[in-house]
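Okay, structure first, notes after.
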Amino acid sequence: LQNILGPYDGSVYFEFSIPRMGRRIDVVLIIRSVVFVLEFKVGEKHFTGNAIDQVFDYALDLKNFHETSHHLVIAPILVATEATTQVLTPQFTPHNDKVIFPLKCGADSLARAIQNVLEFAEGGPNVPENWESGRYRPTPTIIEAATALYNNHSVADIARKDASAKNLSETSDAISKIIEESRQRGQKSICFVTGVPGAGKTLVGLNIATQHIDKSSDLYSVFLSGNGPLVAILREALARDKVTSEKERGRRQRKGEALSQVKAFIQNVHNFRDESIRNELPPIEHVALFDEAQRAWNLAKTADFMKRRKKILGFNRSEPEFLISCLDRHEDWAVVVCLVGGGQEINTGEAGIGEWIESLIRSYPQWQIHISSKLTDSEYQAKDVLDKVSPKTRLQYNDNLHLGVSMRSFRAENVSLLVK
């Protein structure tokens, strides 16, 4: 390295520890706009698969988990010191995240590998001076993301700057447009947001809910989930954050007051249902977002629950039909947003998406239905029931209602296809 690095200004780090990953990189070089990740195999003549994976994993860990590496070019280089076979032509991976496929070189060609990468990456932003102080910062958790949304950030701000950010923004915009048009035209609409696991369906729902949390507005909305622990954790996290942010502004807010505000727009769907049974007036909200809508109960499960737990005999509506009826009480307009995971109706009595559409066909012929073309895919089990919808003009297709990129497993886009 002393022989090679003379011509360059930059920094060199030996045994660089990737925050929280418990892994040490042999050498990190910072030169201009590139972070070089070097793995040395001293005395080795061959480039083994394990060694190639090792240096590539180091590069990916920096890209995905090291805050100041997120937007930089990362160049992994495997140096088998005695090797003569070389791969010195830089090429980005197909993920649009500025990670170069691992280069393979011997000790005598390392200088050429470095120079080739610098020429390839010329024109990019220089690595910041504080690069080494970068924190562990992965793709945001649902709690971090919800907190950002509650603080008036958009979904585009909290996603990585790739297809997932574009996806989330376009889906949120599509729902907002449906809400606005329904209000202007005085009509009732339901839209189904589909997506692969981890694509951000819950985030989209929270994004819409946090945009419309003014109770005095007729766009006021509520986010409903049957996932009790998720509801409790989100409420607690948002309330704590609200108290902290108000304190930083020099204002005092009681946690109970903050929690009360949060509870208004993040609710357990079963509490919403029970209140709507007790009170037959229209709900205050014109917009209701149902998370994991495929898990709502069928008629048999709902009727059994009402008989055993609520002492209501002869209840004759499935949960989807009853929930639609609650919003249908509005005389002017209403929107139901169903966030749907394909093939994820996992417990006895969970109706799947077909029951929502059956309910619309059976009882609500005036409601407009907005779907993506993906809702006809096998995992949603909705194609046959969609064929029954009449007239077909009730069905509005918009492929922005499908989230096709997973934020959780974003380097494995085909995992969902394999599972399917």
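The values are calculated or read from the model by the stated rules, or taken from the named source; none is laboratory data. Just so it is clear, the model here is predicted, and its values are computed rather than measured. Cβ: placed from backbone, ideal geometry, glycine included. Neighbour counts: every protein chain shown. Remember, those area values only see protein heavy atoms, side chains included, never the ligands or the DNA or RNA. Shrake-Rupley method; radii C 1.70, N 1.55, O 1.52, S 1.80 Å.
Observations on the model:
- Distance in nm between pseudo-label sites at residue 248 and residue 15 (7 Å out along the Cβ direction from Cα): 3.7 nm
- The loop-placed GluC sites (Glu not before Pro) in the stretch 231-323, going by DSSP, that have at most 14 neighbouring Cβ atoms within 10 Å of their Cβ come out as 280.
- Chymotrypsin sites (Phe, Trp or Tyr not before Pro) restricted to DSSP loop in the stretch 330-392 with at most 12 other C-beta within 10 Å: none
- At full extension, residue 381 and residue 71 could sit 107.6 nm farther apart than now, given 0.36 nm per residue minus the alpha carbon distance.
- Furthest towards positive pole of dipole, 152, 407, 234, structure part the chain, Cβ charges: 234
- On Cα atoms only, tilt of 163-185 relative to the major axis of the chain in degrees: 20 degrees
- In summary, the convex hull built on the alpha carbon positions of the chain has an orientation-averaged projected area of 25.0 nm².
- Ranking 22, 282, 128 by Cα position along the charge dipole of the chain, where only Lys, Arg, Asp and Glu carry charges on their C-beta atoms, puts 282 farthest toward the positive end.
- The chain - percent of accessible surface contributed by carbon and sulfur, probe 1.4 Å: 48 percent
- Were the residues from residue 233 through residue 420 laid out at 0.36 nm apart, the gain over their Cα-Cα distance would be 64.3 nm.
- Using a Gaussian network model of the chain in which every pair of alpha carbons under 10 angstrom is joined by a spring, one finds that among 314, 352, 205 the greatest mean-square fluctuation is at 314.
- Once the 1.4 Å probe is applied to the protein heavy atoms, the stretch 1-120 comes out at 48 Å² accessible per residue.
- Modelled FRET efficiency - R0 51 Å, residue 115 with residue 373, Cβ distances, 0.05 increments: 0.60
- Taken along the Cα-to-beta-carbon direction at a fixed 7 Å, the label points for residue 3 and residue 392 span 7.3 nm.
- Cα-centre dipole for the stretch 325-420 with unit charges at Cβ (Lys and Arg positive, Asp and Glu negative), debye to 20: 220 debye
- Hz values of 3J(HN,Hα) by residue in the stretch 198-210 - Karplus curve (6.51, -1.76, 1.60), Gly and Pro given as x: x, 7, x, 4, 4, 4, 4, x, 5, 4, 5, 4, 6
- When you restrict to C-alpha pairs under 8 Å that are six or more residues apart and normalise by the size of the stretch 175-245, the relative contact order lands at 18 percent.
- Mean sequence separation of contacting Cα pairs (under 8 Å, at least six apart), scaled by the length of the chain, corresponds to a relative contact order of 14 percent.
- Entry note, the chain: the mean residue ellipticity at 222 nm calculated from DSSP H runs of n ≥ 4, each adding -39500 (n - 2.57), is -11500 deg cm²/dmol after division by the residues and rounding to the nearest 500.
- Ranking 223, 167, 393 by Cα position along the charge dipole of the chain, where only Lys, Arg, Asp and Glu carry charges on their C-beta atoms, puts 223 farthest toward the positive end.
- Backbone HN-Hα couplings from phi across the stretch 91-99 [Karplus 6.51/-1.76/1.60, Hz, Gly and Pro as x]: 8, 6, 5, x, 8, 6, 10, 6, 9
- Extension gain for the segment residue 82 to residue 278, taken as residue separation times 0.36 nm less the Cα-Cα distance, is 62.7 nm to one decimal.
- Which listed pairs, of 177/201; 201/310; 242/263; 177/388; 255/310; 201/420, have C-alpha distances above 21 Å, in listed order: 201/310; 177/388; 255/310
- Evaluating 6.51 cos²θ - 1.76 cosθ + 1.60 at θ = phi - 60° for every residue in the stretch 384-400, the Karplus couplings come out as 4, 6, 5, 5, 7, 5, 9, x, 5, 5, 5, 8, 10, 9, 8, 6, 6 Hz, glycine and proline recorded as x.
- Accessible area (Å², per residue) of the stretch 178-333, counting only protein heavy atoms and a probe of 1.4 Å: 47 Å²
- Relative contact order, whole percent, for the stretch 85-146 stands at 27, derived from Cα pairs under 8 Å and 6 or more residues apart.
- Annotation note: trypsin sites (Lys or Arg not before Pro) in the stretch 347-417 located in DSSP loop regions with a Cβ neighbour count of at most 12 within 10 Å are 388.
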